[in-house]
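Peer 1: This structure is in C-alpha cells; I'll ask about it shortly.
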Amino acid sequence: MLEVQGINKSFGGLHAVSDASLFVPAGKVVSLIGPNGAGKTTLFALISGFLRPDSGTVIFDGTDITGKAPHLICQMGLVRTFQVVKPFASLTVRENIAVGAHTRIADRKAALAKADGVALLVGMDAMLEQSAGDLTIAGRKRLELARALATEPKLLLLDEVMAGLNATEIAELVPVIRTIRDTGVTILLIEHVMQAVMSLSDYTYVLNQGVMIAEGEPKTVTSSPDVIEAYLGHGAAERLAKMEARDA
Amino acid sequence: MELLGFSLPSYGWSTIFGSTISGVFLGSIYALVAVGLTLIYGVLHIINFAHGALLMLAMYAVYFLWNILGIDPYLAMLIVVPGGFAFGYGLQRFIIGKASHGKDEITLLVTLGVAIVIENMALFFFSATERSVRVPYDLDGIDLGVTYAVYPELAALVGSFLITLALWAFMTRTDTGKAIRAVSKERQGAQLVGINVDHIFAVTFGIGVACVAAAASLLVPTYAVHPQIGSLFVLIAFTVVVLGGMGSFVGALVGGFLIGVTEQLGRLYLGESLGVITISVIFIFVLLFRPTGLFGVKAG
Amino acid sequence: MSERARLSGWTIILLTLALLPLYLHSARWIDFLEMTLFVAVLGQGWNILGGYGGQYSFGNALLFGTGAYIQALLQFKFGISPWIAMWFAIAGVVAVGAMVGFLSFRYGLRGSYFALITLAFAEAFLVLSRSLKSITEGGSGVQLALNQDPAQAIATFQFNFAGPFLKEYGFYYTIFTILLVTYAITWWMERSRFGAQLVAVRENEDAALALGINTFKVKLGAICLSSAITASCGVYYVQKFLFIEPGIAFGPSKSVEALFAPIIGGLGTVVGPLLGSVFIHGVGEATKMTIGQALGGRPGVDLILFGTILILVLAFLPRGLVGLVEAVWKRLSGGRDA
C-alpha cells in the first residue's frame, strides 16, 4: 500500500530524516515508534505532502506521490491526522466530520449523513451537535480520527491519537482503531503508548535521530537492545538485562 | 503624462543628485514615523493601523502648544513625548489589549476602529482646516550646491538618527528594554519568569507612540496639520516597515531613506501624481517576494 | 436556530424591506434605506472572503472602484448601454480580484500581510486613477450625461426623469434586487460544499489541506465571488449618482464601510451584514435626529459612532449582533431550539 524508499530531509544543517525506508502492506496496522524528536512527525509530513523530501521516493498504491500537494494525496486516499489536533473550533462535530466527507461527496445533505455514520463508528454519535472547540482532549483526538476517516481513505496515518488520554480512554479507542482496520483501511500509526502499539500493530518500525534502527514484530522489536538504548540511553539495555537476571 | 510608449525624460546629474538629496530628507521623515510602528510590530506582532491617527493627534498637540502657549515645536517634544507615552500605554492597556482577546486579526480591526474614531474626532473638533506652524527660522538653511536644505529638514534628518539610536540603546542597555526583547522573542517564556506581559505590551505601545510624538514635533514646522495627515503617512510607514523588515530599527531607517529617494526619483521621472505609485509597487513586491524585508529574520 | 425559524425570519425581513418604502413614502427615508441596503450588499461582498474565509481585506475599495469606473467609462467613452456595461464591470472586477487573490494566496500571504497587500492594491489603483488622465479622466472624475427623456429611463438605467413610481422607488428596488440576489447566493453558498470548505480554510488551513481541500482554489473562488458582489455596488453607485472620482472609488472609506457591517452584524453569517448595516445606520440616523441640532451638523459624528461600536462589538460580542440575537432567542424559546 505504501512504500517509502530512502527518504531524506534536513532543516539547515540538521538531518531530520536520513535515508529512511518503510513498507506498509495493505490491510495491516503498522506502527512507527521512537523517542521524542526522532523525526516521526517529519516523516509523516513527508509522506502526506506537507513537506517535500530532499531525496527519496514515496509510492502510494502503486503511484509515485513524492512532493505532491497534500490535498491531492488525500484525494488519492492517503490521509493524515495531526499530533497537535487542529479542530475547526467554531463548527459542530457533525460539521467538522462533514468537511472530511465532502472530499468524496459534493452534496451537503449526503455529506452530513455520512458524518453521522462516521461519528457512530468512532463513538461520537452523542456529541454531533457539540461545538468542536468545547470538546475534551479525548474528544478532539477522536474528532481528528473521524474527520480523516470521513475522507474514505485507503491508508490512514495516525499521529499519536492516544497521547494525552487516560487509561480508560485508551482502552476505548483501541477497539475503534481495530474496527477501522477491519473495514479494510490500512493504518500507519505513530504512538508512544506501548499498550496500544503492542495490541494494535502487526509490524513496527523504530526511528531514532532520523534513522530507522529496527523493524519487525512489535514484541521482538521492543525487546531489542538497540531500541531500548534509543529510548533509555546508552548502557540501558545492559542494566535492564542485569536487573532481569537478578530478579529471576 | 502620456501613458504608453512614453520616454523617460533625461536629466543632468545635478538634478538627479538634487532629487536624491531631497529624497533623503523626505526619507528621514518616513523613517521617523516608521520606527515606532516597527517597534510595536516587533514586540506585539500587530500592525498598528492607528499609527497615522496617533501621529496626527500628536501634530495637533504640537500645533496647539505653539498656537496657544507659544511653545516652539522642537521644545514641545519635552511635553508631547511623555504625553504620547502615557496615551499609548493607556490605549494599549485599557482598550486595544482588552478588546482584542489576544487574537492578532482582532487587534488589527481594533486598531482600525481606534484610527477611525481618532481621525473623526479630530475632524469633529478641529474641522478639516489645514493649520500650519511658522517658526521664524523655517526658511533658513544650508546651501548644499545641488539643493537647498532648510533647518527643519536637517533637524528631521538628525532626529531620525538620534531616535533610532536612542531606541537601540534603550532596548539593549536598560532592564525594561531587555524585558521587552524577552517578550518579543518568547512571550510565554517571559510570562513564566515573572514578566508582566500586558504591562510590557503597553510600555512598548507607549514607546511607539512616544516615537511618533517626537516625529510629530519634527514634522510640524514643514507639514500643515489636518485630520487626514496621518493617513497620508501611514501607508508609506507600512511600506517602510515591511521593506526594512518588521521589527528592525535599522531596517526602518534604511527603508525610510530608500522609499524617500525612490519616491523623489519617481516624481522626477514619472511626474508628480504618478510618481508616488513607486511606493505601492515596492510595497506589493516586497510583500509578495520578500515579506521578511531587508533586515527581517522571520515573517509573522 | 432551526432552519425553519431562519426561513421565517428571512421572510419577515424581506417582506418588510419590500413593503416599507411604499408605506413610508418619503424621499428622505427611502434614501436612508437605499444607503442601508447598499452597505449591506457591500458588507456581504466583504463577508464572503472575510467572514466565511477568514481573509480580512482592508482594500475592498479596489473592487468597488474598479466596478464603478468600468461602468462609468464604458458609457462615457463608448456610449455602451449600462445594462451591457454592468456585465463587463462585474467580469473586470472578478479579473482584478482573481489577480490579487492569485498573487496573495500563491505566495501564502495571511492575516496582517493579506490586509496590507489589499490596502496596497487599492492605493495603487487610487494613484493610477488620478494619474492616467487619458483613460480615467484623472482627479476630476467621470460625470455621466443626465437622461431627461422619461421614455429612455429604463434603457439608460436612470430614474431621475422616469414616471412617478420609478422616479421615487426605482433605485430602492434596484438595490433591493441586488440584495436579494447576493444574499440568496450567500445562503446557497453557506449550504454547499464550497461554503463548508471555505469555513474549514478559515478555521484551520493545514487541517483543510490534509482533508483534501485545495485551499488555494477555495480562497480564489471566495475572492471572485466577493469581487462580483462588490462590483454590483460599484455599478449601482454610478447609476444612482452618475458620477465617480478616484477618492470615492478607491479611497479608504469604501474599504472601511465594507467591513463595518459584517463585523458588527456577525462574521460568517448571511444576515450579519444586513443586521450590522441596519444597526449602524439606525444609530447614526437616531443620533442626527436627537442631538444633531446641538452638534451643528459637524462632520465626523457618524464615523466616531461606527468606530466606537466596532470596538465595543469586538470587545464584548465576538459573534456580533447575530450572536446576541441567537442568545436572546435561545432564552426566549427556553433553550429548546438552539
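Peer 1: For segment B:1-56, which positions are of a type in the set (Ser, Thr, Tyr) and modelled with pLDDT under 85? Please lay out each step first, then the result.
Peer 2: Of the residues in segment B:1-56, the ones of a type in the set (Ser, Thr, Tyr) are B:7, B:10-11, B:14-15, B:19-20, B:22, B:28, B:30, B:38, B:41.
Answer for segment B:1-56, where residues must be of a type in the set (Ser, Thr, Tyr) and modelled with pLDDT under 85: B:Ser7, B:Ser10, B:Tyr11, B:Ser14, B:Thr15, B:Ser19, B:Ser22.
Peer 1: Give the residues of segment C:59-89 that are modelled with pLDDT under 95 and within 13 Å of chain B (Cβ to nearest Cβ), sorted by residue number.
Peer 2: Answer for segment C:59-89, where residues must be modelled with pLDDT under 95 and within 13 Å of chain B (Cβ to nearest Cβ): just C:Gly59.
Peer 1: Here's a follow-up. Of the numbered conditions (1) among the hydroxyl-bearing types (Ser, Thr, Tyr); (2) touching a residue at least 12 places away in the same chain (Cβ under 8 Å); (3) within 14 Å of chain B (Cβ to nearest Cβ), C:Thr308 fails exactly one; give the number of that condition.
Peer 2: (2)
Peer 1: What number of residues within segment C:130-174 are among the polar types (S, T, N, Q) and assigned to a helix (DSSP H, G or I)? Talk me through it step by step, then tell me what you get.
Peer 2: Let us first name the residues in segment C:130-174 that are among the polar types (S, T, N, Q), namely C:131, C:134, C:136, C:140, C:143, C:147-148, C:152, C:156, C:158, C:160, C:174.
When the remaining residues are screened for being assigned to a helix (DSSP H, G or I), the result is C:131, C:134, C:136, C:140, C:152, C:156, C:174.
Selection size over segment C:130-174: 7.
Peer 1: Right, next: Would you mention how many residues in segment B:88-127 are over 22 Å from the mean Cα position of the chain (by Cα) and hydrophobic (A, V, I, L, M, F, W, C)? Give the derivation first.
Peer 2: Filtering segment B:88-127 for residues over 22 Å from the mean Cα position of the chain (by Cα) gives B:94, B:98-103, B:106, B:124-127.
Filter once more, so that each one left must be hydrophobic (A, V, I, L, M, F, W, C): B:94, B:99, B:106, B:124-126.
The total comes to 6.
Peer 1: Look at B:Gly141 and say whether it is more than 18 Å from the chain's Cα centre (by Cα), closer than 24 Å to B:Ile207 by Cβ, more than 10 Å from chain C (Cβ to nearest Cβ) and of a type in the set (Gly, Ala, Ser).
Peer 2: Numbers: more than 18 Å from the chain's Cα centre (by Cα): yes; closer than 24 Å to B:Ile207 by Cβ: no; more than 10 Å from chain C (Cβ to nearest Cβ): yes; of a type in the set (Gly, Ala, Ser): yes.
No: the conditions fail for B:Gly141.
Peer 1: Could you tell me whether B:Val117 is more than 8 Å from chain C (Cβ to nearest Cβ) and among the hydrophobic types (A, V, I, L, M, F, W, C)?
Peer 2: Working: more than 8 Å from chain C (Cβ to nearest Cβ): no; among the hydrophobic types (A, V, I, L, M, F, W, C): yes.
It is false that B:Val117 is more than 8 Å from chain C (Cβ to nearest Cβ) and among the hydrophobic types (A, V, I, L, M, F, W, C).
Peer 1: Looking at segment B:74-95 only, could you name the residues that are more than 9 Å from chain C (Cβ to nearest Cβ) and within 30 Å of C:Arg110 (Cα to Cα)? Let's see the steps before the verdict.
Peer 2: First, the residues of segment B:74-95 that are more than 9 Å from chain C (Cβ to nearest Cβ): B:74-94.
Within segment B:74-95, B:Gly88, B:Tyr89, B:Gly90, B:Leu91, B:Gln92, B:Arg93, B:Phe94 meet the criteria.
Peer 1: Oh, and also: I'd like the residue in segment C:224-259 that is of a type in the set (Gly, Ala, Ser) and surrounded by fewer than 23 Cβ atoms within 10 Å (Cβ to Cβ) and, out of all such residues, is modelled with the highest pLDDT.
Peer 2: Residues of segment C:224-259 of a type in the set (Gly, Ala, Ser): C:226-228, C:231-232, C:234, C:247, C:249, C:251, C:253, C:255, C:258.
The next check asks that each one be surrounded by fewer than 23 Cβ atoms within 10 Å (Cβ to Cβ); those that pass are C:228, C:247, C:251, C:253.
Details: C:Ala228: 97, C:Gly247: 93, C:Gly251: 91, C:Ser253: 90.
The selected residue is C:Ala228.
Peer 1: Still on this structure: Could you list, in sequence order, the residues of segment C:75-129 that are crowded, with 17+ Cβ neighbours inside 10 Å and not in a helix (DSSP H, G or I)?
Peer 2: Within segment C:75-129, C:Leu109, C:Arg110 qualify.
Peer 1: Quick one: is B:Ser217 farther than 14 Å from C:Leu116 by Cα and in a helix (DSSP H, G or I)? Step through it out loud before you land on a result.
Peer 2: Details: farther than 14 Å from C:Leu116 by Cα: yes; in a helix (DSSP H, G or I): yes.
The answer is yes for B:Ser217.
Peer 1: Regarding segment B:277-293, can at least one residue be identified that is part of a helix (DSSP H, G or I), surrounded by fewer than 23 Cβ atoms within 10 Å (Cβ to Cβ) and more than 10 Å from chain C (Cβ to nearest Cβ)?
Peer 2: No; the residues of segment B:277-293 include none that is part of a helix (DSSP H, G or I), surrounded by fewer than 23 Cβ atoms within 10 Å (Cβ to Cβ) and more than 10 Å from chain C (Cβ to nearest Cβ).
Peer 1: Any residue in segment A:146-165 that is free of Cβ contacts under 8 Å to residues at least 40 places away in the same chain sitting within a Cβ distance under 7 Å of a residue that is among the acidic types (Asp, Glu)? List the pairs, counting only those 6 or more apart or interchain.
Peer 2: Correct list of pairs: A:Met162/A:Glu191.
Peer 1: For C:Leu242, which of the numbered conditions (1) within 14 Å of another protein chain (Cβ to nearest Cβ); (2) out of contact with any Ser or Thr (no Cβ under 7 Å at 6 or more places or on another chain); (3) on the phi > 0 side of the Ramachandran plot; (4) not polar (S, T, N, Q) fails to hold?
Peer 2: Result: C:Leu242 fails condition (1) only.
Peer 1: Cβ-Cβ under 7 Å, sequence separation 6+ or interchain: first residue in segment B:183-203 and without any contact (Cβ under 8 Å) to a residue 12 or more places away in the chain and more than 17 Å from B:Tyr41 (Cβ to Cβ), partner among the aromatic types (Phe, Trp, Tyr) and assigned to a helix (DSSP H, G or I). Which pairs?
Peer 2: Between residues of segment B:183-203 that are without any contact (Cβ under 8 Å) to a residue 12 or more places away in the chain and more than 17 Å from B:Tyr41 (Cβ to Cβ) and residues that are among the aromatic types (Phe, Trp, Tyr) and assigned to a helix (DSSP H, G or I), there is no close pair.
Peer 1: Select, from C:Gly195, C:Gly282, C:Gly221, the only residue that is surrounded by fewer than 24 Cβ atoms within 10 Å (Cβ to Cβ), in a helix (DSSP H, G or I) and at pLDDT below 95.
Peer 2: Values: C:Gly195 fails: at pLDDT below 95; C:Gly221 fails: at pLDDT below 95.
Selected residue: C:Gly282, the only one of C:Gly195, C:Gly282, C:Gly221 that is surrounded by fewer than 24 Cβ atoms within 10 Å (Cβ to Cβ), in a helix (DSSP H, G or I) and at pLDDT below 95.
Peer 1: Taking only segment B:219-250 into account, find how many residues are farther than 20 Å from B:Ile279 by Cβ and of a type in the set (Gly, Ala, Ser).
Peer 2: The qualifying residues number 2.
Peer 1: Something else: Say whether the condition of being touching a helix residue (DSSP H, G or I) at 6+ places or on another chain (Cβ under 7 Å), within 12 Å of B:Ala34 (Cα to Cα) and modelled with pLDDT under 90 is met by at least one residue in segment B:140-160.
Peer 2: Taking every residue of segment B:140-160 in turn, at least one turns out to be touching a helix residue (DSSP H, G or I) at 6+ places or on another chain (Cβ under 7 Å), within 12 Å of B:Ala34 (Cα to Cα) and modelled with pLDDT under 90.
Peer 1: Here's a follow-up. For C:Leu209, which of the numbered conditions (1) in contact with a Phe, Trp or Tyr (Cβ under 9 Å, 6 or more places away or on another chain); (2) more than 14 Å from chain A (Cβ to nearest Cβ) fails to hold?
Peer 2: (2)
Peer 1: If you don't mind, another one. Which of the following residues is within 14 Å of chain A (Cβ to nearest Cβ) and closer than 12 Å to C:Gly45 by Cα: C:Gly268, C:Gly234?
Peer 2: Values: C:Gly234 fails: within 14 Å of chain A (Cβ to nearest Cβ).
After ruling out the rest, the residue left standing is C:Gly268.
Peer 1: Also, I was wondering about something else. Give the residue, chosen from C:Thr156, C:Thr177, C:Thr118, that is closer than 26 Å to C:Val256 by Cβ and more than 14 Å from chain B (Cβ to nearest Cβ). I'd like the intermediate steps shown before the answer.
Peer 2: Working: C:Thr156 fails: closer than 26 Å to C:Val256 by Cβ; C:Thr118 fails: more than 14 Å from chain B (Cβ to nearest Cβ).
The unique qualifying residue is C:Thr177.
Peer 1: While we're on this one: Does B:Gly206 satisfy the criteria of being surrounded by fewer than 24 Cβ atoms within 10 Å (Cβ to Cβ), away from every other protein chain (no Cβ under 14 Å), without any contact (Cβ under 8 Å) to a residue 24 or more places away in the chain and over 12 Å from the mean Cα position of the chain (by Cα)?
Peer 2: Details: surrounded by fewer than 24 Cβ atoms within 10 Å (Cβ to Cβ): yes; away from every other protein chain (no Cβ under 14 Å): yes; without any contact (Cβ under 8 Å) to a residue 24 or more places away in the chain: no; over 12 Å from the mean Cα position of the chain (by Cα): yes.
No: the conditions fail for B:Gly206.
Peer 1: I'd like to check something: does segment B:249-267 contain any residue that is outside any helix (DSSP H, G or I) and in contact (Cβ under 8 Å) with a residue 60 or more places away in the chain?
Peer 2: Taking segment B:249-267 first, the residues outside any helix (DSSP H, G or I) are none.
Within segment B:249-267, not a single residue is outside any helix (DSSP H, G or I) and in contact (Cβ under 8 Å) with a residue 60 or more places away in the chain.
Peer 1: Now, a different point. Looking at segment C:132-153, which of its residues are β-branched (Val, Ile, Thr), within 14 Å of another protein chain (Cβ to nearest Cβ) and buried (at least 19 other Cβ atoms within 10 Å of the Cβ)? First the steps, then the outcome.
Peer 2: Going residue by residue through segment C:132-153, those that are β-branched (Val, Ile, Thr) are C:135-136, C:142.
Pick out the ones that are also within 14 Å of another protein chain (Cβ to nearest Cβ) and you get C:135-136.
Matches in segment C:132-153: C:Thr136 only.
Peer 1: Could you tell me whether C:Tyr56 is within 14 Å of chain B (Cβ to nearest Cβ) and hydroxyl-bearing (Ser, Thr, Tyr)? Don't jump to the end; show me each part of the working.
Peer 2: Numbers: within 14 Å of chain B (Cβ to nearest Cβ): yes; hydroxyl-bearing (Ser, Thr, Tyr): yes.
When the stated conditions are applied, C:Tyr56 passes them.
Peer 1: What number of residues within segment A:79-94 are closer than 20 Å to C:Thr269 by Cα and within 7 Å of another protein chain (Cβ to nearest Cβ)?
Peer 2: 4
Peer 1: Okay, next question. Scan segment A:190-223 residue by residue and report those that are among the hydroxyl-bearing types (Ser, Thr, Tyr) and without any contact (Cβ under 8 Å) to a residue 24 or more places away in the chain. I'd like the intermediate steps shown before the answer.
Peer 2: So in segment A:190-223, the residues among the hydroxyl-bearing types (Ser, Thr, Tyr) come out as A:199, A:201, A:203-205, A:220, A:222-223.
Hits for segment A:190-223 are A:Thr220, A:Ser223.
Peer 1: What are the residues in segment C:149-174 that are touching a residue at least 24 places away in the same chain (Cβ under 8 Å), of a type in the set (A, V, I, L, M, F, W, C) and in contact with a helix residue (DSSP H, G or I) (Cβ under 7 Å, 6 or more places away or on another chain), if any?
Peer 2: Result: C:Phe157, C:Phe171.
Peer 1: Condition (residue is within 14 Å of chain B (Cβ to nearest Cβ) and more than 20 Å from A:Leu91 (Cα to Cα)) applied to segment C:326-338: is it met by at least one residue? Even if it seems obvious, please write down each step before you answer.
Peer 2: To start, the set of residues in segment C:326-338 that are within 14 Å of chain B (Cβ to nearest Cβ) comprises none.
No - not one qualifying residue is present in segment C:326-338.
Peer 1: Sticking with this structure for a sec: Go through segment C:175-192 and give me each residue that's among the polar types (S, T, N, Q), under 16 Å from the mean Cα position of the chain (by Cα) and surrounded by fewer than 21 Cβ atoms within 10 Å (Cβ to Cβ). Before you say what the answer is, go through the steps one by one.
Peer 2: Within segment C:175-192, the first condition is being among the polar types (S, T, N, Q), and the residues that meet it are C:177, C:182, C:186, C:192.
Next cut, under 16 Å from the mean Cα position of the chain (by Cα) only: C:177, C:182, C:186.
The answer is C:Thr177, and nothing else.
The values are calculated or read from the model by the stated rules, or taken from the named source; none is laboratory data. Owing to the predicted nature of the structure, the values given are computational and were not obtained by experimental measurement. In this analysis, Cβ positions are derived from the backbone assuming ideal geometry, glycine residues included, and neighbour counts consider all displayed protein chains.
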